[in-house]
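Input: a single structure, listed below in structure tokens.
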Amino acid sequence: MEKESGLFERKNELFRGKHSRSIRFWHWSTFVITTGSLFTVLLAKTLLNTRKNIPVVQENLRASNIAITVGQAKSLAHEFNDMAWNFHTNLGYILAGLFGFRILIEFFQPKEQKVIPILKNTLKSLRQPGTDLKDLKYYLFVRCAYLFFYLVLAVQVCTGLFMVYSDDVEDLKKLRHSVSDIHSVGMWVLLTYIALHIIGVVYSEHSKKNSGIVSDMINGGQN
Ligand code: HEM
Ligand code: HEM
């Protein structure tokens, strides 16, 4: 096992470790903003869906003896749908800022907490004789999943910002549909990642080896 770097000092508790103040701030802020962002999508696609609310608006006004056309009702229903998307976009700016912050802090993280050195050290340890391959392979898989998550987050941020920007640029408008499709697929990938991540964390908390990882992500860990 890698001793010099201090990475795997707790051989049997690979997931226990120190987390810098910045990474903890980034992690929990990203958790809150991503959850909020997903919630706005849910609202916009369900309760505040324009098409579904057209009859609601018409029936409501009919009760006050006001008759409006489908077009007029659509315009009002669309206004509420727009509010949800505007909120989503504003949360998107925060998420983009947090992503920028995540890239920036990578340069200031202690070496043993940096993404690439962790991967390199894990690969190095895998090649050493007498190591517990099963645990290390799982650890490597989880670290690769984090890297994959960062890539998907980058795609979400770039496609999201592209959609905002393309609204004002005539030539980019025709690309908006395809970019929006990529953005939507990204959501399902993110949802899958989050579900697996939380299952993984709960599983680790239940295991004898790695219980305590959530408190490490809160108080910084004491490796
Ligand atoms: C939107 C939801 C979430 C996202 C996107 C997310 C993302 C991430 C990422 C990218 C990392 C790796 C950080 C790094 O070292 O580079 C991480 C680690 C971690 N997350 Fe989350 N997380 C989410 C929700 C949660 C929740 C709800 C919990 C607790 C119940 C949690 C507990 C942890 C723990 C304990 C670690 C450290 C595990 C380790 O050292 O391998 N996460 N998370
Ligand atoms: C957690 C990450 C994100 C998820 C899961 C997500 C999900 C979605 C989904 C599903 C849509 C609807 C696409 C469609 O049906 O056409 C959407 C639209 C949009 N998103 Fe995101 N998004 C995320 C992050 C971002 C970010 C970082 C931005 C950047 C500002 C952003 C900006 C937008 C914009 C501008 C729209 C179009 C809204 C409209 O049609 O008026 N999103 N997003």
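Values as computed for the structure displayed
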quantity: Cα gyration tensor category, rounded, prolate or oblate, for segment 123-223 with a/c compared to 1.5; calculated: prolate
quantity: For segment 21-219, with +1 on Lys and Arg beta carbons and -1 on Asp and Glu, the positive-most of ILE182, VAL164, ASN86 along the dipole; calculated: ILE182
quantity: Top positive-direction residue, dipole computed over the chain with Cβ charges, set VAL202, ILE23, ALA67; calculated: VAL202
quantity: Coarse-grained scattering of segment 21-219 at q = 0.12, 0.16, 0.19 Å⁻¹, given as base-10 log I(q)/I(0) from a Debye sum over alpha-carbon atoms; calculated: -0.77, -1.13, -1.40
quantity: Ascending count of other beta-carbon atoms within 10 Å, so fewest first, for TRP28, TRP85; calculated: TRP28, TRP85
quantity: Charge dipole magnitude, Cβ of K and R +1, D and E -1 - the chain, Cα centre, debye nearest 20; calculated: 720 debye
quantity: Full-extension gain in nm, LEU191 to ASP171, via 0.36 nm per residue minus C-alpha separation; calculated: 4.0 nm
quantity: Gain upon complete extension [MET83, ILE116; 0.36 nm per residue less C-alpha separation]; calculated: 7.9 nm
quantity: Links that overshoot a 21 Å alpha carbon limit, given the list LYS137/LYS209; LYS18/LYS208; LYS74/LYS173; LYS114/LYS134; LYS114/LYS137; LYS111/LYS134; calculated: LYS74/LYS173; LYS114/LYS134; LYS111/LYS134
quantity: Environment charge of SER20, counting only residues whose C-beta is closer than 11 Å and scoring Lys/Arg +1, Asp/Glu -1; calculated: +2
quantity: Relative exposure of ASP216, ASP181, ASP135, ASP168, judged by other C-beta atoms within 10 Å (fewest first); calculated: ASP168, ASP181, ASP135, ASP216
quantity: Ranked SER29, SER204, criterion: other C-beta atoms within 10 Å, fewest first; calculated: SER29, SER204
quantity: Residue-averaged 222 nm ellipticity for the chain, from DSSP H runs of 4+ at -39500 (n - 2.57), nearest 500; calculated: -25000 deg cm²/dmol
quantity: Listed residues LYS45, LYS134, LYS114, most fluctuating in the chain (Gaussian network, C-alpha, under 10 Å); calculated: LYS134
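Rule-based calculations on the coordinates, nothing more; no lab input. Worth saying up front: this structure is predicted, and the values here are computed from it rather than measured. As a convention, Cβ positions derive from the backbone with ideal geometry for all residues, glycine included, and neighbour counts pool all protein chains shown.
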